[in-house]
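Participant: Sharing a structure, written as structure tokens. Questions coming.
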Amino acid sequence: MHILVTGGSGFIGTALCRALIARGDGVTVLTRDVARARQRLPQSVHCIDDLAQAAPAEAVVNLAGENLGDGRWSAARKQRFVDSRVQTTRRLIDWMQTGPRPQVLVSASAIGWYGARGDEELGENASPGRPDEFSAQLCRAWEAEALQAEGLGVRTCLLRIGIVLERDGGSLQQLLLPFRLGLGGVMGSGAQWMSWIHRDDLVGLILWLIDTPQAQGAYNGTAPQPARHREFVRTLARTLRRPALIPIPAPALRLLLGEMAGLVLEGQRVLPQRALRGGYVFRYPDLATALAAILAPRRPQVH
């Protein structure tokens, strides 16, 4: 199978491309920086910077989007968040209209779609966040663009991704150094929910959506057992065998991060109900197992 991937040189995309190549698929990555992508990806991945160069694909995986967690949210950055997601998805839809259409589109979204909901359990049928919540409205616009593929006869899956855990990227990579130095602690009240997923399970879920003909619509890309933030802190500290005694109060975090602090302080309790009902089996359903696997000593690779 030939698969076109956007965002293929990022934290999730690189792992996905390796998994696709390992199982024998052909992969093309659409990227803004071909030279950088070629350094990060297996040699057999074809890298392009223009959709006009793309060969017909049986599947498209759309992971493009500027990182929301990389600095304070100015008006200009928020517009880039929108453009990097909505405009890229729109270009994919235009490309599908001009040539042979893929069988399936798996398009990333995020659990920010639900907004801040406290202890409410959120399956895929839950309502979206409020109109004044930026991340919720960003995800709604992103998903609405992807759903245009359905009108072209393309099976479309929307993957609402939670906090992705691995040691080489994402929020966990940023936390490891302070926690290893004994400087970790609870942020805010600690009662906020963290809907997380091991990166291997997220990649597995993407492959499952590609391969499952009946899969369509929204799917939560989260583990079956979300955790409160204080539980995450305790589990990470215990796994690293380090104390975690230095809290960061909510006002300090809001002062430091501005509007972006809401990503940390206002959690969601999101459950992957449709994936579980459809038969996807998580390798890492609970936080302790996931962190133990991620932080286990690894042998250096021989090249």
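Participant: Highest first, please rank the peptides 171-181, 206-216 by the mean number of other Cβ atoms sitting within 10 Å of their residues.
Facilitator: Values: 171-181: 14.7, 206-216: 17.5.
Descending mean neighbour count gives 206-216, 171-181.
Participant: Antiparallel versus total DSSP beta bridges in the chain: what percent is that, nearest 5?
Facilitator: Details: 3 of 37 bridges.
Counting only bridges with both partners in the chain, antiparallel ones make up about 10 percent.
Participant: How big is the chain along each principal axis, measuring the range of its Cα positions in Å and listing the largest first?
Facilitator: 57, 51, 39
Participant: Also: Multiplying the sequence separation of D49 and E121 by 0.36 nm and subtracting their Cα-Cα distance, what value in nm do you get? Intermediate results must be reported in sequence, preceding the final value.
Facilitator: Working: separation 72, 0.36 × 72 = 25.92 nm, distance 4.05 nm.
Going from the current span to full extension adds 21.9 nm.
Participant: When DSSP assigns beta bridges and you keep just the ones with both residues in region 57-200, what percent turn out antiparallel, to the nearest 5?
Facilitator: On the way: 1 of 15 bridges.
Of those bridges, close to 5 percent are antiparallel.
Participant: Would you mind checking region 134-151 for residues with the amide N under 14 Å from a putative spin-label position 7 Å along Cα→C-beta of E259?
Facilitator: 134-139
Participant: Label 7 Å along Cα→Cβ of S171; region 56-76 residues with amide nitrogen under 13 Å?
Facilitator: Answer for this model: 68-70.
Participant: Taking the mean number of other Cβ atoms within 10 Å as a proxy for protection, how do you rank 192-201, 282-291 from highest to lowest? Can you show the working numbers first?
Facilitator: On the way: 192-201: 23.5, 282-291: 18.8.
Packing order, densest peptide first, comes out as 192-201, 282-291.
Participant: Could you work out the local net charge near Q192, counting Lys and Arg as +1, Asp and Glu as -1, over the other residues with Cβ closer than 14 Å to its Cβ? Spell out each step's value before the answer.
Facilitator: Details: positive: R117, R228, R230, R254, R269; negative: D119, E120, E231, E266.
Result for the local shell: +1.
Participant: Separate question: Please report the spacing between the Cα centers of region 151-229 and region 1-55 in Å, no decimals.
Facilitator: That distance is 21 Å.
Participant: Add -39500 (n - 2.57) for each DSSP H run of 4 or more in the chain, then divide by its residues: what number comes out at 222 nm, to the nearest 500 deg cm²/dmol? Numbers along the way, then the final one.
Facilitator: Working: 12 runs with 114 residues, N = 303.
So the calculated ellipticity at 222 nm is -11000 deg cm²/dmol.
Participant: Could you tell me how far the Cα centroid of region 97-124 sits from the Cα centroid of region 270-285, in Å?
Facilitator: 15
Participant: Another question, if that's okay. Work out the FRET efficiency for E150 and I248 from their Cβ-Cβ distance, taking R0 = 30 Å, and round it to the nearest 0.05. Write out the running numbers ahead of the final one.
Facilitator: Values: r = 43 Å, r/R0 = 1.44.
The value I calculate is 0.10.
Participant: What's the local net charge at R254, with K and R +1, D and E -1, over the other residues with C-beta under 14 Å away? Intermediate values should be presented prior to the final figure.
Facilitator: Details: positive: R72; negative: E259, E266.
Charge balance in the 14 Å sphere: -1.
Participant: Sort 86-99, 56-69 for me by packing, meaning the mean count of neighbouring Cβ atoms within 10 Å per residue, highest on top. Before the final figure, lay out the partial values.
Facilitator: Values: 86-99: 16.6, 56-69: 20.1.
Sorting 86-99, 56-69 by mean packing, highest first, produces 56-69, 86-99.
Any read-out appearing in this document is the output of simple, stated calculations on the displayed coordinates, not a laboratory observation. For clarity, every value in this text was computed on a predicted model and none was experimentally measured. Reconstructed Cβ throughout: ideal geometry from the backbone, glycine too, with neighbour counts over all protein chains shown.
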